[in-house]
Each structure stands twice: as structure tokens, then as C-alpha cells.
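Accompanying notes for the structure given below.
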Amino acid sequence: MNSKNINGFSKLSKEQKINWLVENFLENNQEHKNVLLQYWNKNLLLQKLHDEFAENTLTNFYIPFGIAPNFLIDGNFYAIPMAVEESSVVAGASKSAKFWSDKGGFKTTVISTTKLGHTHFIFNPEENSFEQLNAFFNSVLKQKLLEATEGITANMRKRGGGILDIELIDKTNEMEGYYQLKASFDTVDSMGANFINSCLEQFGKTLTEEIQNSDLFSNQEKESLQVIMNILSNYTPDCIVRAEVSCPIDEFIDDSGIEPQLFAQKFQQAVQIAEIEPFRATTHNKGIMNGIDAVVIATGNDFRAVESCAHAYASRNGKYSSLTHCEVKDNTFRFWIDLPISIGVVGGLTSLHPLVKTALAILGNPNAKELMSICAVSGLAQNFAAIRSLVTTGIQKGHMKMHLLNILNQLGATEEEKHYFTIFFKDKTVTHHSVVSEFNRLRKK
Ligand code: MEV
């Protein structure tokens, strides 16, 4: 058997896993082995905690945990924790926070917090049975579904949430015999994925039992029932928060010296381009997600869910478009984001990861709605920073200044050399080439 093909890998100890990997995929290179070992935490309890977050853990993968201070949100100042590896993101957020802190800050509104999930099933594909099913749903099934999930929903109901509604949806014009039980949920301060999926799996079972036990359906109809799957939807267009900033045009002043009216006009046109042009919208929204994901990760939430939801929402009108919008009217500049985001402050990693607990404490232990607002603000701030640079100095000036340190680290520069380069490039454009040639020149000297 090829030793690259292994049975029972998950049962090996961490050391054995690393040894197998180094022997079979890293040509026994001890340097790579040392790198893997180097990231082990000396605090064994902490390391064990991290090992157990996922399967087949070998080591830790660090990303920087930074702070963007000076965020005035709904009248309170926040220092926002951001876990992100890309240079310029925390700096951009901080710069935007400072810009808006003396102009009233960011205002937010949580518009709704409803989450969705579905039992997807096939029934009697030979003909449309919606009317028959719907009569059964309204007279019997809906109540049975609620009763069957009472045990699962008891705690959530105590906290003010639970199942909000269940509907039967006819999808047969898109796929033969396809129906859904579409349920809406309020999961209060949790993201609620486990809660929603548990309810839905019970719906699948109850649906099957109730149809089998009903006199309303023929044997052939009963046999045709197939529950395909029960799963939450990460698309939550009704779990939505708005964050916005505004100021009089004459206060819309950029340090590049651009005239405020022109700055506002170019800014608004840049947003409009992202609204109509998917190629630009993708990059524009990527920049927004730089800010959102960093907070979502720092607070132990699921950034893949947040990403897929945001992009689905950005396409809701049939064409991928900007998540942010801008208006220049009546001598006022206004810039806002409507963001669907399903996140929590209890359950999952939020109660397990020590750094996540600290991040939430830094934010004053927000509830889920407040965290939705903070994420939306971070995305808006990030987008503001990007567009501000794009329509004035260009993005590379700030970006490459931040990237300078990465290039110098790659070149193995000393602290003294890093200091020299910071001064050297103060009034020059940083490019990879210019850094390398100055570095070589310096070293030759
Ligand atoms: C880079 O990570 C993000 C930007 O490209 C976003 C944008 O272009 O709006 C700067």
C-alpha cells in the first residue's frame, strides 16, 4: 500500500500525524517539522482546547489580532478587535473611525432578525398536490410540527425566541413534486445553526409520520413522500442591519487637499459604479468583507456563513451589486450599508475560545444585535477607507507603505534597516522593485 494513503490517520497522536506527514509529503525535511512544532502552545491546556476545535489538528495557524480604536457608534466609543492577516485593513478602519468620530459617528438600526430553514421534500411528483397538502398542513401538520419541537424550543422560548412561523411552499413549477416546509426562527443571542437544524430534522420526521398516519392520502401518495433534507439557510435577507454616516459637504474634507464637493461627487460615482458593474462590485464588496470578516473571526463567528449570505444578498436583484450606497443631496453626504448577517454572542466558539471571550469583553459584551451593528460599521468603515483612497491618492500609496514591512521581513531586514526604510520611503512610492534595489544597495555598502 502506498504510504501516502493511510487508514486510521485520525487515531494517530499529534506527533505521529506530524511524523507521517513529514516522512510522506515533506521528504523528511526537519525544518518543516520544526515549523509545525514551533507553533505549539506551551500552555498544554490551551493547546488541547485548540486541538479539539477541529479534527486532525497538527498545530496552530496564527493570524494577527489587532484593534481599530475611535469608533463612535450610536453615541458610544468602541475599540474594535479585528483578526486579519492583510495589511492596511486595521489601519483603514482606524482612519475611517477617526474621520467620522467628530461628525456624529456611525448610526445603526437592526431592521430585523429573522432566520430561515427548510425541510425540502418530494411528494406525488405525478401531479400538483399543493391544495391537498396545504389543507392538511393548515388543519393538522403545522400544529403537530410545533408540538413535536416543543422540547427543542423550550429554552429558546424562555430567552424570547423560538419558531416564528412555518409555511408550506409549492416549488413544483421549478422541480417535479418539490415542496418545502419553510420555517422562520428568532434565535435571540445565538447564531442558532444547531437549534434551527434540530427543529428542522424533527420537522422531517413529523412530516413523514403524519402523512403515513393520515387518511387523507392514498397508499401511492404516502409512498411517494421523500424527505430530501432538513437544513437552515445561510441566506438571511430578513436578518438585516443598516449602518450609516452623513455630514455636510463642507465637512467632507480629505487630507489630500481635494475640494470637498469634488471628493463627495467622485466618492458617490465610485459607489454608483459598484452598483451597476459586477466586476467592480466584487472588489468593492471584497473590501467591505475585509472589515466584516475580521470582526466576525475575532468574535468567534462563522465567516463563511456571513460571506455567502452577503454575496447572495448582493445578487438579490438578479445582478451582483454593491452592498453599500451613497447619496449626495441637499448639501449632505450620506453613505450606508444594508447588511444581512446572522451571528451570535453565545454558543459555539464564543464560549470556548479564550481570545473570543476577550474580544467580546473589549466590545462591552454586546448582544447579537449590537454585534450585528458593529460588524456592519466595520464593513462600512473599510469601504469608506478604500473608496477614499481610490478616488484621491490611489490605493497603492497606503497599501504599499503597509506592505513595506512585509517585503523587508521577506528580505530578512534587521530592525535598524527597517527603521532606515521607514524614513527612506516617507516621501517616495513603495514598490517591490524599489525596496529590493535600495536594500541591495544598502547591504553592498
Ligand atoms: C483590498 O483588499 C480591497 C480593495 O481592493 C477594496 C476596493 O477596491 O474597494 C482595496
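Read-outs: derived from the displayed coordinates by stated rules, not from any lab. Note that the structure is predicted; figures quoted are calculated from it, not measured. Positions of Cβ are backbone-derived with ideal geometry, glycine not excepted, and every protein chain shown enters the neighbour counts.
A few remarks follow.
- Backbone phi angles across the stretch 217-223, fed through the Karplus curve with coefficients 6.51, -1.76 and 1.60 (θ = phi - 60°), yield HN-Hα couplings of 10, 6, 4, 5, 5, 4, 5 Hz in residue order; Gly and Pro are listed as x.
- Using a cut-off of 29 Å between Cα atoms, the listed pairs Lys33/Lys445; Lys11/Lys357; Lys182/Lys222 include Lys33/Lys445; Lys11/Lys357 as exceeding that distance.
- The phi torsions of the stretch 122-131, fed into the Karplus equation with coefficients 6.51, -1.76 and 1.60 and a -60° offset, translate into couplings of 10, 9, 6, x, 5, 8, 7, 10, 4, 4 Hz, rounded to whole numbers, with Gly and Pro shown as x.
- Alpha-carbon spread of the stretch 297-445, three principal axes, descending order, Å: 58, 47, 30
- Virtual spin-label span in nm between Glu86 and Phe130, 7 Å along Cα→Cβ: 4.2
- Ignoring lysines fewer than eight residues from Lys266 along the same chain, the ones with Cα atoms less than 18 angstrom from its Cα are Lys329.
- Span-like helix ranges in the chain, DSSP H, alpha carbon extent 15 angstrom or more, Kyte mean at least 0.5: 368-390
- Amide hydrogen neighbours beyond the local backbone of Ala68, cut-off 5 Å, H modeled: Ile80, Met82
- Extension gain for Gln180-Lys144 works out to 11.3 nm (0.36 nm per residue, less the C-alpha to C-alpha distance).
- Alpha-carbon centroids, the stretch 353-416 and the stretch 313-340: separation in whole Å: 22
- Using a Förster distance of 22 Å, the FRET efficiency for Leu46-Thr358 (Cβ separation, nearest 0.05): 0.95
- The amide H of Leu164, built 1.01 Å from its N in the peptide plane, has Ser184, Phe185, Asp186 as neighbours under 5 Å, considering only residues 5 or more places off or on other chains.
- What the pair-distance distribution of the stretch 1-62 shows, using all Cα-Cα distances binned every 5 Å from zero, is 4, 17, 27, 25, 17, 8, 2, 0 percent.
- Full extension of the segment from Ser198 to Ile111, taken as 0.36 nm per residue of separation minus the current Cα-Cα distance, would add 28.7 nm.
- The stretch 103-177, relative contact order [Cα under 8 Å, separation at least 6], %: 47
- For the residues Gln269, Gln132, Gln180, a GNM of the chain with alpha-carbon springs under 10 Å puts the largest fluctuation on Gln132.
- Subset of Lys98/Lys369; Lys115/Lys401; Lys98/Lys397; Lys103/Lys397; Lys158/Lys205 violating a 31 Å alpha-carbon distance limit: Lys115/Lys401
- Structural descriptor for the chain: relative contact order 17 percent, calculated from alpha carbon pairs under 8 angstrom and at least 6 residues apart.
- Signed unit charges on C-beta, dipole axis of the chain, positive-most listed residue His50, Phe303, Thr350: His50
- Spatially proximal aspartates and glutamates relative to Lys14 (Cα-Cα < 20 Å; intrachain offsets below 8 disregarded): Glu23, Glu27, Glu31, Asp51, Glu52, Glu55
- The chain: antiparallel DSSP beta bridges as a percent of all, rounded to 5: 95
- The gain in end-to-end length when the Leu58 to Tyr420 segment is fully stretched comes to 126.5 nm, 0.36 nm per residue minus the alpha carbon separation.
- Sequence-ordered 3J(HN,Hα) estimates for the stretch 337-353 from the Karplus curve with 6.51, -1.76 and 1.60 and θ = phi - 60° stand at 10, 10, 10, x, 8, 10, 9, x, 10, 10, x, x, 5, 4, 9, 9, 8 Hz, glycine and proline given as x.
- Cβ-derived FRET efficiency at R0 25 Å, Leu405 paired with Gln38, nearest 0.05: 0.75
- Here is the list for the stretch 275-380: trypsin sites (Lys or Arg not before Pro) lying in DSSP coil, each with at most 14 other C-beta atoms within 10 angstrom of its C-beta, are Arg316, Lys319.
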